[in-house]
Amino acid sequence: MSTSKTPLLDRVHTPADLRKLAEKDLPQFAAELRHELVEAVAVTGGHLGAGLGVIELTTAIHYVFNTPEDRLIWDVGHQAYPHKILTGRRDRIRTIRTGGGLSGFTKRAESEYDPFGAAHSSTSISAGLGMAVARDLSGKNNNVIAVIGDGSMSAGMAYEAMNNAGAMNSRLIVILNDNDMSIAPPVGALAGYLARLFSGHSYRGLREIGKQLAQKLPKALEIGATRAEEFARGMVTGGTLFEELGFYYVGPIDGHNLDQLLPILKNVRDSETGPIIVHCRTQKGKGYEPAEKSADKYHGVVKFDVATGAQVKAKSNAPSYQKVFGESLIKEARKDDKIIGITAAMPSGTGIDQFEKVFPERTFDVGIAEQHAVTFAAGLATEGFKPFCAIYSTFLQRGYDQVVHDVAIQKLPVRFAMDRSGLVGADGPTHAGSFDIAYLGCLPGFVLMAAGDEAELVHMVATQVALNDCPSALRYPRGEGMGVTMPEEGKALEIGKGRILKEGSKIALLSYGTRLGECLKAAEELAGYGLSTTVADARFAKPLDTDLVLRLAREHEVLITIEEGSIGGFGSFVMRCLAEHGALDDGSVKFRSMILPDEFIDHDSPNAMYAKAGLDAKGIVTKVFEALGKDIKAETVRLA
């Protein structure tokens, strides 16, 4: 096959190869890159819409800038799939988000083209500023480019970074990928022309001359001239908040038009001024019709048929925990008009979207602003409302100071509903809910609950509604429930009281959360070894069911706690209880706690991740034999 007929994408293995292409070939290259992205994600599932929206932008950035020497930081990482294809990872792109495969986000350990790992949002400008300052201190001259989506601009951290960068006048390039919010007039030919004009040497030079002249005038005239320049620029470009923060604003420009992108990025690259923000308007899902027509622009998808866009979704008889939470909250809200639903940009991920359909006036999506969400909820609680703050466990970490100071210290009855507790599968360690038991359990006055199954989740929502004198937190995992019989309505549980599901005499398994199903499986397997096993569901980590814990310790030879969390959580609470009551003094019970290992577990299927963590039925059985000091293999052979 001749080189001329070889697909351009096949000739590009790194950005250096891309830069060998003629500019006239870039539209064709972008089309091939878009096709490759669709074909790859159809096989693996993952984030699609955001990547489709930055095909031309990704192409232009790598063509104009000298990556990886020029540092390119992608905020969040949803939009980085095309970047991965372009930076030597095309041969592995069909492994993305699968065990042993590529991460769904940028990851420093994966490539030199990923200078900063990202999965949580709004970090790119801060990280980029750090890299820019490090560059200046080291006497280097490379560029630093941060690409941040408009949704990420709802987080205060982005503005904190911009304020700092503007004050320092650091040479930093921020590209705002505006694919949803109407924060600027529609992009057109004139806007593109003006952006090229204002980013060019002539205008920048004229503006600098004007500033220098103004500085030589008497103070009153200098102020007047400066204001006149700002007013005139505002008349043409619509002056922006970004300029007030010290950034030179360029845009808006068409993020799918390479004829606009290339000259503007070259002008920005060659600029020696302080921080610059380039405002690109893009279309999420661009170039793939099913994504363009979808309400969420195919933000996250499972495997799908490329021709039709139909997604292949696994069938399950059990409802998802998100659905159960949303429906339970709706039922409670029908009886109580004080209930409010709050989320931070994750309405469908938490089940709040269902609540919003029924109670739109009582639903608040505050954007990617977890700190604000927490204190906003606290404010509602002071006025007698019952706010349910539904935030992923991993994202609530971003609002921890507010949880401590604005909720816990003031004993305000904010109800936290923490989705994605435990290991979450393909999203990997950045999205795992590993630490909330520990970081909330240390706060005085909190009530902590974990649903053992979907029916328990219904009751725990009702329990939170009834808690009017203290903050509470309920954790539940991603995915489907266990398929248990569902109650007609939720009943408030007795605070701090667990339940026993299976009575035994030798081994006690005390579960906190949805490892309960694995405990029941383990009990069946242990029965085959002649080990009579009790399975208990703690329900509450705080206040702890002391009577249940002491009874299990008193009546069994082995007591093991199992939780989907880090060290310092439920097992630590149980250990302290046993120690304080002298239950371990005579050695009559062997106590062990099973927690997530002291490492970040890479993405895989949830079952595979829990198996690696040793928190499946097999791991529980193994732990029992370890506690008994017996060899499970020898016992298996003996019983065979």
*Between the range 6-43 and the range 87-155, how many Å separate their Cα centres?*
20
*Once the Cα atoms of helix 570-580 and of the chain are each reduced to a long axis, what angle between those two axes, in degrees from 0 to 90 to the nearest 10, is obtained?*
40
*asked:* Using the basic label-point model (7 angstrom from Cα toward the beta carbon), what is the residue 546 to residue 494 distance in nanometres?
replied: 1.6
*How many angstrom separate the Cα center of the range 377-421 from the Cα center of the range 622-640?*
45
*Mind checking the full-extension length gain between residue 485 and residue 626? Use 0.36 nm per residue of separation minus the Cα-Cα distance, one decimal, nm.*
47.3 nm
*For the range 499-639, what class follows from the C-alpha gyration tensor (a ≥ b ≥ c being the square roots of its eigenvalues): rounded when a/c is under 1.5, otherwise prolate if a/b is larger than b/c, else oblate?*
oblate
*asked:* Please give the charge dipole size of the range 321-475, origin at the Cα centre, charges +1 on K and R Cβ atoms and -1 on D and E Cβ atoms. Round to the nearest 20 debye.
replied: 160
_Cβ-based charge dipole, the chain, positive-most Cα from 344, 389, 245_ = 245
*So what's the range 277-388 giving for Rg/Rh, alpha carbon basis, Kirkwood Rh from the mean inverse pair distance?*
1.07
*For the range 322-393, just say rounded, prolate or oblate: build the C-alpha gyration tensor, square-root its eigenvalues into a ≥ b ≥ c, call rounded for a/c under 1.5, and beyond that prolate if a/b exceeds b/c, oblate if not.*
oblate
*Proximal aspartates and glutamates to residue 20, defined as alpha-carbon separation beneath 14 angstrom and excluding residues fewer than eight positions away on the same chain*: 10
*Can you tell me the 0 to 90 degree angle between the C-alpha axis of helix 516-528 and the longest principal axis of the chain, rounded to 10?*
40
*Please work out how much length the chain gains when fully extended from residue 521 to residue 555, using 0.36 nm per residue of separation minus the C-alpha to C-alpha distance, in nm with one decimal.*
10.1 nm
_Alpha carbon convex hull of the range 321-475, projected area averaged over orientations, nm²_ = 7.9
*With θ set to phi - 60°, apply the Karplus curve 6.51 cos²θ - 1.76 cosθ + 1.60 along the range 324-339 and write out the HN-Hα couplings as whole Hz, x wherever there is a Gly or Pro.*
4, 4, x, 5, 5, 5, 4, 4, 5, 6, 5, 9, 9, 7, 8, 6
_Run the Debye formula on the Cα coordinates of the chain, all scatterers equal and no solvent, and tell me log10 I(q)/I(0) at q = 0.09, 0.11 1/Å._
-0.82, -1.10
_I'd like the FRET efficiency for residue 273 and residue 241, computed as 1/(1 + (r/R0)^6) with the beta carbon distance as r and R0 of 30 Å, rounded to 0.05._
0.95
*Which is farthest toward the positive dipole end of the range 422-542 among 431, 490, 523, measuring Cα position about the Cα centre, with Cβ charges +1 (Lys, Arg) and -1 (Asp, Glu)?*
523
*Segment residue 410-residue 39, extension gain: residue separation times 0.36 nm, minus the distance between their alpha carbons*: 128.3 nm
*Loop only per DSSP, at most 10 neighbouring Cβ atoms within 10 Å: give me the GluC sites (Glu not before Pro) in the range 351-446, ordered by residue number.*
383
*Toward the positive end of the charge dipole of the chain, about the Cα centre and with charges on Cβ (Lys, Arg +1; Asp, Glu -1), which of 142, 632, 441 goes farthest?*
142
*Under unit Cβ charges (Lys, Arg +1; Asp, Glu -1), what dipole magnitude, rounded to 20 debye, does the chain have relative to its Cα centre?*
840
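Computed from the coordinates by the stated procedures, all read-outs in this text should not be read as laboratory data. What you are looking at is a predicted structure, and each value in this text was computed from that prediction instead of being measured. No Cβ is skipped: glycine too gets one built from the backbone with ideal geometry, and neighbour counts run over all protein chains shown.
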